[in-house]
Amino acid sequence: MRKALRDWWQALEHLILPPVPLCGLCGEQPRLPVGACRGCLDSLAISWQGREVGGHLCFSLFPYQGYGRDLIHRMKFQRGYQIAFTLGFFLGLAAREEPALAQVDILVPVPLSPGRLEKRGFNQAALLADNIRGVWKRQVCAAAVRTRETKSQSGLSLTERKRNVQGAFALLPGFDLRKKTCLIVDDVITSGNTFSALARLIEDYGGRPMGIFAARTEISSRSDVDAEKL
Ligand SMILES: [Zn+2]
C-alpha cells in the first residue's frame, strides 16, 4: 500500500514538475532544445565546414579530436544509439539549412562489411542517415553494399588505403540513381578514400555524389587515421 502511495505521489510530481530531459551526448546535464547540453556543445567545437574531396563537395560538423573523437568511439564501440540519434539530428538540421545541399535527393550511408556488421550489431552510418531523415525528409538508399572484407584503414599508407577500398562497393538492383544527387553519409572522413570509392560507384550508376560527415580529420594527419570505417 505504501509503495502504491509512493508511486502515485511520484506520478503526481512528474505531472507538476516533469523530469528535465537530459543531454543526448553525455546523458547527465539538462539538454537545450537542440538535444544536447551547453557543455557538450562547447566541447565539440562545432564548425560546419565544406571541402572538396576528389571534386565532390563534402560537409562535416566538428573536428575529430578530443571530445568529438571520444563521442564517435562511444557511438561505435559502446552501442551509442542516443549519440547517433543526437548527431544525426544535428546533421539533419545543418543539412536543411545548407543551400549547397538543397539539391540532394537520396542519402547513401557507407555500408559495413557483413563481418563487421555482425560483430558490431549496427552500422553507425545507417543510424546517422535514419536520424538525419528524421528532420530532413530525404530517401535513404540501403542498396550500397561491400563486396568484400576490407582491412582496417588504420596504419595503412595513403596509397594502401586507396587500394584497400578500391572496387569494394556494389549497388544491389532496384535503385535508380540516374541524375540523382546522392549524399554519402558516414561518421568520420579522414583520407577520403572510402568516400571516393563509393562516390565512383554512384557516378558509374549515373548519380551525382556529395558527402556529409559528423567529424573530420585533416588529410595529412596520421595520428587520427584510425577512424575510417574500422
Ligand atoms: Zn552533455
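Each value in this text was obtained by applying a stated rule to the coordinates, not by laboratory testing. These numbers were taken from a predicted model, which means no experiment stands behind them. Positions of Cβ are generated from backbone atoms using ideal geometry, with glycine treated the same way; all protein chains shown enter the neighbour counts.
Sort out which residues of the stretch 97-115 are touching a residue at least 12 places away in the same chain (Cβ under 8 Å), surrounded by fewer than 19 Cβ atoms within 10 Å (Cβ to Cβ) and not hydrophobic (A, V, I, L, M, F, W, C), and write them in order of number.
Listed by number, the residues that qualify are E98, Q103, D105, S113, P114, G115.
Filter the stretch 57-74 down to the residues that are in contact with a strand residue (DSSP E or B) (Cβ under 7 Å, 6 or more places away or on another chain) and among the hydrophobic types (A, V, I, L, M, F, W, C) and list them by number.
L57, C58, F59, L61, F62, I72
Among the candidates F85, F77, F59, which residue alone is surrounded by 14 or more Cβ atoms within 10 Å (Cβ to Cβ) and more than 16 Å from the ligand (Cβ to nearest atom)? Outline the logic, then answer.
On the way: F85 fails: more than 16 Å from the ligand (Cβ to nearest atom); F77 fails: surrounded by 14 or more Cβ atoms within 10 Å (Cβ to Cβ).
Going through F85, F77, F59 in turn, the sole match is F59.
Every residue, every condition in (1) touching a Gly at 6+ places or on another chain (Cβ under 9 Å); (2) crowded, with 24+ Cβ neighbours inside 10 Å, yes or no:
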| site | (1), (2) |
| --- | --- |
| Q166 | no, no |
| P173 | no, no |
| T181 | yes, no |
| I189 | yes, yes |
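Starting from the stretch 29-53, take each residue that is of a type in the set (S, T, Y) and list its partners that are within 16 Å of the ligand (Cβ to nearest atom), counting only C-beta distances under 6 angstrom and pairs at least six apart or across chains.
Close Cβ pairs (under 6 Å, with a partner that is within 16 Å of the ligand (Cβ to nearest atom)) amount to S43/Y67.
Just the residues that are more than 6 Å from the ligand (Cβ to nearest atom) and either more than 19 Å from Y64 (Cα to Cα) or surrounded by fewer than 18 Cβ atoms within 10 Å (Cβ to Cβ) (or both), please, taken from the stretch 29-45.
The initial filter retains those residues of the stretch 29-45 that are more than 6 Å from the ligand (Cβ to nearest atom), namely 30-35, 38, 41-45.
If the condition is that a residue be more than 6 Å from the ligand (Cβ to nearest atom) and either more than 19 Å from Y64 (Cα to Cα) or surrounded by fewer than 18 Cβ atoms within 10 Å (Cβ to Cβ) (or both), then P30, R31, L32, P33, V34, G35, R38, D42, A45 are the ones that fit.
Collect the residues in the stretch 15-27 that are more than 6 Å from the ligand (Cβ to nearest atom) and in a loop (DSSP other than H, G, I, E, B), keeping them in residue-number order. Break it down stepwise before answering.
Narrowing the stretch 15-27 to residues more than 6 Å from the ligand (Cβ to nearest atom): 15-22, 24, 27.
Hits for the stretch 15-27 are L17, P18, P19, V20, P21, G24, G27.
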